[in-house]
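Working notes, beginning with the structure itself.
Derivation of every value follows stated rules applied to the coordinates shown; laboratory data play no part. Everything quoted here is computed from the prediction, not taken from an experiment.
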Amino acid sequence: MPHHAPLTNHHADGTDCPAEHKHTTSGKPLHPDCPGRAYTQAICSCGDWQMKSPSKGYVNESRRRHLASHPKPHPTGPEVLRSLLHLNAR
Ligand SMILES: [Zn+2]
Ligand SMILES: [Zn+2]
């Protein structure tokens, strides 16, 4: 299972700032209930990593870097097959 670390946006009090809270390009909230997007957070499904920053770009970059640090899932299937073929060849 590959890990994933979805980006989520939050208000200053820690509550979610959902996708329907639209913002202007300069980051001003357009939704009447939205106090403004305070920070972006990403939590990896591995449970060992999370990142929180007012800069969405920074979180996204760190997230990609972290996800890239996870080893690729082991191709156990073909590996087992290869050793079986090896045994047969002997
Ligand atoms: Zn909001
Ligand atoms: Zn992770």
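Numbers for the structure displayed
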{"item": "Phi-based couplings in Hz for segment 56-67 (Karplus 6.51, -1.76, 1.60; Gly and Pro marked x)", "result": "4, x, 5, 4, 4, 5, 4, 4, 4, 5, 5, 4"}
{"item": "Difference of contour (0.36 nm per residue) and Cα-Cα distance, residue 8 to residue 23", "result": "3.9 nm"}
{"item": "Kirkwood hydrodynamic radius of segment 15-70, from inverse mean 1/r over distinct Cα pairs, in Å", "result": "12.5"}
{"item": "Residues whose placed amide H lies under 5 Å from that of residue 38, excluding near-sequence neighbours", "result": "10, 11, 12"}
